[in-house]
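The values are calculated or read from the model by the stated rules, or taken from the named source; none is laboratory data. All values derive from a computational prediction rather than experimental measurement. Note that we place each Cβ from the backbone using ideal geometry, even for glycine, and neighbour counts take in every protein chain shown.
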Amino acid sequence: MSTHVPKPDYSRNMRLLSQSDQGGRTDGMQVMVHRGYAYVGHFISKGFSIIDVRDPRNPKTVGYVPAPEGTWCLHLQTHDNLLLVVNARDLFAELVSTDEKTYYTRSISESIHSDAVRHWSAGLRIFDISQPAEPREIGFLSLDGIGIHRIWYVGGRWAYVSALLDGFTDYIFLTIDLSDPTKPKVAGKWWLPGMNQSAGETAAWADGKRYALHHAIIDGDTAYASWRDGGLTLLDVSDRADPKLISHRNWSPPFGGGTHTALPLPKRNLLVVADEAVLDDQADGEKLIWLFDIRDPANPVSIATFPQPNEIDYVAKGAHFGPHNLHENRPGSFVSDTLIFATYQNAGVRAYDISNQYQPVEVGALVPAAPMRMIDPRPDRPCVIQSADVFVDINGIIYSTDYNSGLSIIEYLG
């Protein structure tokens, strides 16, 4: 157990409270903090870890749940007594570790061969976390194909996932009925035209582009969905069995694509959209965080971009520079329609004030120190921080994962 607090490379209006090595599994992707426990999905170590963060200055790893053989569990969600964990073919072991560029620039169906015998688990695992440190599996949704990439679940009957099913080029949108969490079932599907190969659809997008749902955030009866190089859709999900398109916007080209997260701010009719930087040295082009006016959902209009970190030359620093994810204003967490938190990979964690929606301003930043050791097995990877996910709890404490450095627990001082 490590509670060593290394000095950040840079901080402004933020303070590093502690660093957890997550029980020695220092790679992390999505993090959820629920009832004083952090749940961290791993993408190299497989499975997920449970960390007691009731004292954020002294985190303690209290559990680890391994993934099935050959399986990724990098994303997860918590609400009430439920923990939902993705199961998908371990594409890091099979593709990302050898050719990151191919993973991000071609449909998965083109990039990886289909096995006659499935050697991974594909679907959604449901755990009871009434005992937070001791998840107990109570249900499983089995899917064909590669499996699930990411989930949105904030309680109630419905969950929403991105899933790559047999016959599709890449991940599409599914609604999941959890009225009985022990027996989850697929209710509805939606995809961009051209993705359903088995139905004879053909891709209309250019070579080198990857159209795939990263995930959707749902507010009311609208799903705000990010499709990597396929841009942004607003979907009407009032009938969960039959989602319908409201609008579609895509700015790639001329911009680099990688649309990752679309965060609605319903009280202000605004939408924050982050494009993920996916290649080293900005080889995929400049990536931005955008602000859209969605007063007319059928006509979302981009009205501003967030300022980029510039206290040093982050492109020259190496590895990925650019946005990855946003804090998603989940019920029970810190919720704001003026203060936005984002991870910027080699530029750490950033906070922005968007009180004036036409002029977003950076109001805080913390760039953790370089990893003490590299858990990423790829040869010649730069030893550089790659802040991945960010979660802000109801007290304003920030939790951020990294590909190699464990969990950073940060206090915002603004």
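The residue list Ser302, Ser355 contains one member that is free of Cβ contacts under 8 Å to residues at least 60 places away in the same chain, farther than 24 Å from Arg249 by Cβ and either in contact with a strand residue (DSSP E or B) (Cβ under 9 Å, 6 or more places away or on another chain) or of a type outside the set (S, T, N, Q) (or both), which is Ser355. Restricted to region 218-261, and to residues there that are among the β-branched types (Val, Ile, Thr) and touching an Asp or Glu at 6+ places or on another chain (Cβ under 6 Å), the residue that is farthest from Lys185 (Cα to Cα) is Thr259.
Matching residues to (1) among the basic types (Lys, Arg); (2) over 14 Å from Thr175 (Cα atoms); (3) buried (at least 22 other Cβ atoms within 10 Å of the Cβ); (4) more than 22 Å from the chain's Cα centre (by Cα):
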| site | (1), (2), (3), (4) |
| --- | --- |
| Ala122 | no, yes, yes, no |
| Gln131 | no, yes, no, yes |
| Arg136 | yes, yes, no, yes |
| Val154 | no, no, no, no |
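Can you find even one residue in region 107-117 that is out of contact with any strand residue (DSSP E or B) (no Cβ under 7 Å at 6 or more places or on another chain), closer than 28 Å to Asp207 by Cβ, loosely packed, with under 13 Cβ neighbours inside 10 Å and not charged (D, E, K, R)? The answer is yes, given that some residue of region 107-117 is out of contact with any strand residue (DSSP E or B) (no Cβ under 7 Å at 6 or more places or on another chain), closer than 28 Å to Asp207 by Cβ, loosely packed, with under 13 Cβ neighbours inside 10 Å and not charged (D, E, K, R). Taking the criterion of being in a strand (DSSP E or B) and surrounded by fewer than 23 Cβ atoms within 10 Å (Cβ to Cβ), the only residue of region 35-47 that qualifies is Tyr37.
In region 94-106, the qualifying residues are those that are among the β-branched types (Val, Ile, Thr) and buried (at least 17 other Cβ atoms within 10 Å of the Cβ), and the one that is farthest from Glu134 (Cα to Cα) is Thr105. Among the residues of region 334-379, the ones that are buried (at least 17 other Cβ atoms within 10 Å of the Cβ) and not in a loop (DSSP other than H, G, I, E, B) come to 16 in all. Would you check if Val272 is in a strand (DSSP E or B) and of a type in the set (Val, Ile, Thr)? Yes: the conditions hold for Val272. Filtering region 187-200 to residues that are at negative phi, free of Cβ contacts under 8 Å to residues at least 24 places away in the same chain and surrounded by fewer than 16 Cβ atoms within 10 Å (Cβ to Cβ) leaves only Pro193.
Do we have any residue at all in region 326-333 that's outside any loop (DSSP other than H, G, I, E, B) and in contact with a strand residue (DSSP E or B) (Cβ under 9 Å, 6 or more places away or on another chain)?
Yes.
Could we say that Ile398 is surrounded by fewer than 24 Cβ atoms within 10 Å (Cβ to Cβ), of a type in the set (Val, Ile, Thr), touching a strand residue (DSSP E or B) at 6+ places or on another chain (Cβ under 7 Å) and under 21 Å from Val272 (Cβ atoms) here? Considered against the rule, which asks whether it is surrounded by fewer than 24 Cβ atoms within 10 Å (Cβ to Cβ), of a type in the set (Val, Ile, Thr), touching a strand residue (DSSP E or B) at 6+ places or on another chain (Cβ under 7 Å) and under 21 Å from Val272 (Cβ atoms), Ile398 comes out as no. Taken together, Asp281, Asp242 contain a single residue that is surrounded by fewer than 20 Cβ atoms within 10 Å (Cβ to Cβ), part of a loop (DSSP other than H, G, I, E, B) and touching a residue at least 12 places away in the same chain (Cβ under 8 Å), which is Asp242.
Of the residues making up region 48-93, those that are in a loop (DSSP other than H, G, I, E, B), surrounded by fewer than 23 Cβ atoms within 10 Å (Cβ to Cβ) and among the acidic types (Asp, Glu) are Asp55, Glu69, Asp80.
Among the numbered criteria (1) part of a strand (DSSP E or B); (2) more than 19 Å from Ile112 (Cβ to Cβ), which single criterion is violated by Leu192? Status for Leu192: all satisfied but (1). Within region 113-129, is even one residue modelled with pLDDT of 95 or more and either part of a helix (DSSP H, G or I) or closer than 30 Å to Leu16 by Cα (or both)? Yes, region 113-129 contains a residue that is modelled with pLDDT of 95 or more and either part of a helix (DSSP H, G or I) or closer than 30 Å to Leu16 by Cα (or both).
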